[in-house]
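Asks: Submitted below is the structure of interest, expressed as structure tokens.
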Amino acid sequence: MQIDANRRRMLGAAAVLGFGDVSRVVAADERVIPVVARKFIFVPNEIYLRQGESVVLELTAPEVTMGFNVPGLAARADIVPGVVTRVRLTPLKPGRFQFNCDVFCGSGHEDMDGVIVVEAA
Ligand SMILES: [Cu+2]
């Protein structure tokens, strides 16, 4: 099917580059990790992935609009209340990648951060 072919190409590109993309679709074999952004913490704020594993973060923000930014994995998204924002990550290198909220959400915003730990396959 044409859609499947396009989707495979997109996933292939993501796998080569190791970037994150904002997606509406979750494949059956992908691990889904819910992440809640609240004033002023991400829950969880430590996320463990395996090198080469494709996962989808399901981001929600119950209070106000938040940002989710992982510069080391080239992934970022706005998280708007009432909307589930999905970000696919396929990290190709092990390491520790800091993430933070990059949308000002009040005093305490500066402390909103966390880490994605990618374990070697
Ligand atoms: Cu913030």
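The values are calculated or read from the model by the stated rules, or taken from the named source; none is laboratory data. Everything numeric here is computed off the predicted structure, so don't read it as measured data. Here the Cβ positions follow ideal geometry from the backbone for every residue, glycine too, while neighbour counts run over all protein chains shown.
Asks: Among Ala77, Ala121, which is the only one that is in a loop (DSSP other than H, G, I, E, B) and of a type in the set (Gly, Ala, Ser)?
Replies: On the way: Ala77 fails: in a loop (DSSP other than H, G, I, E, B).
None of the others qualify; the one that does is Ala121.
Asks: When you check Glu58 against the structure, is it closer than 20 Å to Ala27 by Cβ and either hydroxyl-bearing (Ser, Thr, Tyr) or modelled with pLDDT under 95 (or both), yes or no?
Replies: Against the criterion (closer than 20 Å to Ala27 by Cβ and either hydroxyl-bearing (Ser, Thr, Tyr) or modelled with pLDDT under 95 (or both)), Glu58 does not qualify.
Asks: Hey, another quick one. Taking region 79-121 on its own, how many of its residues are touching a Lys or Arg at 6+ places or on another chain (Cβ under 6 Å) and within 15 Å of Pro44 (Cα to Cα)?
Replies: Of the residues in that region, 2 qualify.
Asks: Now for a separate question. When region 80-118 is examined, which residues are found to be part of a loop (DSSP other than H, G, I, E, B) and among the hydrophobic types (A, V, I, L, M, F, W, C)?
Replies: Within region 80-118, the subset part of a loop (DSSP other than H, G, I, E, B) is 80-84, 90-94, 101-108, 112.
Result: Val80, Val83, Val84, Leu92, Cys101, Val103, Phe104, Cys105, Met112.
Asks: Inspect region 43-50 for any residue being touching a Leu at 6+ places or on another chain (Cβ under 8 Å), more than 16 Å from the ligand (Cβ to nearest atom) and at pLDDT below 95 and give the result as yes or no. Reasoning before the result, please.
Replies: Of the residues in region 43-50, the ones touching a Leu at 6+ places or on another chain (Cβ under 8 Å) are 47, 49.
This time we only want the ones that are more than 16 Å from the ligand (Cβ to nearest atom), so: 47, 49.
In the following step, the residues that additionally are at pLDDT below 95 were identified as none.
The answer is no, given that none of the residues of region 43-50 is touching a Leu at 6+ places or on another chain (Cβ under 8 Å), more than 16 Å from the ligand (Cβ to nearest atom) and at pLDDT below 95.
Asks: Sticking with this structure for a sec: How many residues does region 78-102 contain that are among the aliphatic types (A, V, I, L, M), within 16 Å of the ligand (Cβ to nearest atom) and surrounded by fewer than 20 Cβ atoms within 10 Å (Cβ to Cβ)? Can you show your working first?
Replies: Step one: filter region 78-102 for residues among the aliphatic types (A, V, I, L, M), giving 79-80, 83-84, 87, 89, 92.
Next, only the ones that are within 16 Å of the ligand (Cβ to nearest atom) stay: 79-80.
Pick out the ones that are also surrounded by fewer than 20 Cβ atoms within 10 Å (Cβ to Cβ) and you get 80.
Counting residues in region 78-102 that are among the aliphatic types (A, V, I, L, M), within 16 Å of the ligand (Cβ to nearest atom) and surrounded by fewer than 20 Cβ atoms within 10 Å (Cβ to Cβ) gives 1.
Asks: Write out, first by first residue and then by second, each pair whose Cβ atoms fall under 7 Å of each other, whose residues are 6+ apart or on separate chains, and whose first residue, in region 103-121, is more than 6 Å from the ligand (Cβ to nearest atom) while the second is among the hydroxyl-bearing types (Ser, Thr, Tyr).
Replies: Val117/Tyr48; Glu119/Tyr48
Asks: Taking region 52-77 as the search range and keeping residues that are touching a strand residue (DSSP E or B) at 6+ places or on another chain (Cβ under 7 Å), among the hydrophobic types (A, V, I, L, M, F, W, C) and away from the ligand (no atom under 14 Å from the Cβ), which one is nearest to Gly114 (Cα to Cα)?
Replies: That would be Val70.
Asks: List the pairs whose first member sits in region 40-67 and is touching a residue at least 24 places away in the same chain (Cβ under 8 Å) and closer than 17 Å to Gly106 by Cβ, whose second member is of a type in the set (Val, Ile, Thr) and assigned to a loop (DSSP other than H, G, I, E, B), and whose Cβ atoms are under 6 Å apart, counting only residues at least 6 apart or on separate chains?
Replies: Listed by first residue and then by second, the contacts come to Thr65/Val80; Thr65/Val103; Met66/Val103; Gly67/Val103.
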